[in-house]
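The block underneath contains the structure these notes are about, expressed in structure tokens.
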Amino acid sequence: MPVSYYPGCSLEGTAREYGESTLDIARVLGIELKELSDWSCCGASSGHITDDSLALALAARNLGIADTVGLDLVVPCAACYSRLKTAEKRLRSGRAIVGIPDTYQGNYRIMHLSQFLWEDIGEETIRQHVKHPLDGLSPVCYYGCLITRPPDVTGAVDPDNPESIDNIMTALGADVRRWSYKTDCCGASHMLTLPQVAIPMIQKLLDMAEEAGADSIVVGCPMCYTSLDSMQETISQETGHEYDTPIFFITEMMGLAFGEPVDKHLGRHSVDPRPLLSQKGLL
Amino acid sequence: MTAIQTPQEVIPQLSLRRKVEELSGEKITACFQCEKCTNGCPVTFAMDIMPHQVLRLLGLGQIEEVLLSDTIWVCASCEMCATRCPNDISIAHIMDTMRQMSQREGPKASQKNVPIFHAAFLGSIRRFGRVHEAFMSVEFYLRSSGVSGLLQQAGTGLSMFNHGKIKIMPYRLLGNRQVRSIFKRTIKKG
């Protein structure tokens with residue numbers, strides 16, 4: 001199945017393991033990811049905090065490229081997804097964006113990767129490819145802000161309780177824990193600028209995951225991943241409580257269950273998840 | 001958390017309220033102070049004015065107080081307020097509008113690191129077409145806390161490098177001129 005693919009900047013850097021594991025599982029599932037030719041940055045938060053029309057135009061340049069391809073556009077990063085959907089909403093309402101010609105059609109869907117995997121690829125196909133069920137693993141699934149909010153942009157039916165990542169993890173054989181913090185903000189946007197604001201937000205999520213009896217957190221956003229994974233040592237030092245909860249991308253979990261080599265991805269994590277997976281007999 | 005000192009009497013500056021309404025496209029007068037935005041906001045613990053109070057101040061045209069606040073910079077753009085507002089006001093977008101006004105017209109941001117970060121981020125897009133995280137972070141630390149601030153981050157940088165998370169060479173965008181032209185044609189001047 002061919003689809004357009006917009007990886008976004010962080011999948012080339014801090015979330016390299018998300019990009020690489022996405023390519024791995026796409027190959028296994030027979031998804032042909034056609035990376036948008038010469039894509040540029042979506043503008044992220046910096047665009048919309050600085051100028052509305054700049055933010056729309058930076059995102060829309062990529063929609064212009066996707067339009068010429070005409071295939072559904074799959075986006076693994078929640079922040080890119082949100083910016084592209086915001087520009088799409090503007091174009092759908094008939095209002096112009098700088099750089100986008102009147103000939104723009106927009107006959108394709110923009111989907112977050114987790115939504116595409118669950119709704120388009122589907123449970124049956126995912127289950128068929130499971131070679132090593134994730135027995136004994138008890139994660140909570142975390143979506144963050146922008147996969148579902150605001151719902152008038154994302155089209156999310158239940159913005160407080162998305163299920164796609166939970167459903168995929170269940171199909172992979174994991175014992176998914178329920179919790180109330182799926183879409184609470186992790187403060188990733190303040191990691192560098194206002195760490196004193198970001199840290200309590202991250203700490204709360206780690207505490208609530210532990211309270212839910214989870215041994216790990218599965219995410220679908222490179223920003224959430226970096227804030228949850230990379231700050232645990234700092235938080236441990238500041239609080240005296242030891243935090244070492246492994247954070248996984250959904251695609252790494254799928255790769256593991258499909259029997260793909262995941263060691264190279266897992267070695268890039270700040271909190272090494274390999275001891276947990278070995279203890280559960282999954283590595 | 002500091003409680004806001006609400007003046008006993010203010011003279012409403014309706015032209016300033018209309019200015020924010022025009023820039024944001026949001027109807028501030030639709031707010032009936034139900035406080036759902038404030039109750040859902042995950043960063044009120046670091047705010048000096050609560051989100052519903054921002055709406056009240058703007059309704060009265062007291063924009064200076066909002067522009068001087070920590071609140072507009074502490075807002076994490078999580079979109080919870082916009083999702084919960086019963087009157088369809090995107091408070092998150094109003095926060096954007098106020099940050100944009102601050103950067104164009106002043107006064108200086110109370111949390112200076114935030115606009116420095118976003119300028120470094122956009123600088124990277126303008127230069128390369130994509131964000132080069134390592135260059136962007138170096139520029140941010142240099143501009144916000146100088147060489148000593150940058151050196152304090154050396155350990156983090158080295159650890160990222162050892163985990164293979166630093167892309168060495170930036171991608172050279174073929175459509176770089178298109179991206180530069182977007183910057184030229186869009187950003188409103190102060």
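Quick note: the coordinates plus some simple rules give every number you see, no bench work behind them. Quantities reported herein were computed from a predicted structural model and do not represent experimental measurements. Ideal geometry is used to build each Cβ from the backbone, glycine not excepted, and the neighbour counts take in all protein chains shown.
Would you mind getting me the FRET efficiency between residue A:211 and residue A:242? Use the beta-carbon distance for r and R0 = 22 Å, nearest 0.05. If you can, show how the numbers build up before the last one.
Values: r = 16 Å, r/R0 = 0.72.
Rounded to the nearest 0.05, the efficiency is 0.90.
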Charge-dipole axis of region B:113-186 as Lys and Arg at +1 and Asp and Glu at -1 on Cβ define it, positive-most pick from B:171, B:142, B:158: B:171
The Cα extents of the protein assembly as shown along the principal axes, largest first and rounded to whole Å, are 70, 57, 47
Before rounding to the nearest 500, sum -39500 (n - 2.57) across all DSSP H runs of length at least 4 in the protein assembly as shown and divide by the residue total; then give [θ] at 222 nm in deg cm²/dmol. -14500 deg cm²/dmol
What FRET efficiency, computed as 1/(1 + (r/R0)^6) with R0 = 41 Å and r the Cβ-Cβ distance, is obtained for residue A:28 and residue B:30, rounded to the nearest 0.05? 0.25
If I build a Gaussian network model for chain B, linking alpha-carbon pairs within less than 10 angstrom, which residue out of B:18, B:84, B:177 has the largest mean-square fluctuation? B:177
Separation between the residue B:15 and residue B:105 pseudo-spin-labels, each 7 Å from Cα along Cα→Cβ, expressed in nm? 1.1
Working out 0.36 nm times the residue gap between residue A:130 and residue A:95, then minus their Cα-Cα distance, what length gain in nm do you get to one decimal? 8.1 nm
Whole-Hz couplings from phi, Karplus 6.51/-1.76/1.60, listed for region A:75-92; x for Gly and Pro: 10, x, 8, 5, 6, 4, 3, 5, 5, 5, 5, 5, 5, 4, 4, 4, 5, 4
In nanometres, the difference between 0.36 nm per residue of separation and the alpha-carbon distance of residue B:176 and residue B:45 is 43.0 nm
With a point put 7 Å past each Cα toward its Cβ, work out how far residue A:120 is from residue A:69 in nm, to one decimal. 1.0
Using Cβ counts within 10 Å as a stand-in for footprinting exposure, how do B:140, B:183 rank, fewest first? B:183, B:140
Can you tell me which of A:74, A:140, A:271 moves the most in a GNM of chain A? Springs connect C-alpha atoms under 10 Å apart. A:271
Please compute the modelled spin-label separation between residue A:107 and residue A:138, points set 7 Å along Cα→Cβ, answer in nm with one decimal. 5.2
Would you please give the FRET efficiency between residue A:280 and residue B:87, computed as 1/(1 + (r/R0)^6) with r the Cβ-Cβ distance and R0 = 60 Å, to the nearest 0.05? 0.80
Using θ = phi - 60° and the Karplus relation 6.51 cos²θ - 1.76 cosθ + 1.60, list the HN-Hα couplings for region B:76-90 in order, rounded to whole Hz, with x at every Gly or Pro. 9, 6, 7, 6, 5, 4, 5, 6, 8, 4, x, 10, 6, 8, 7
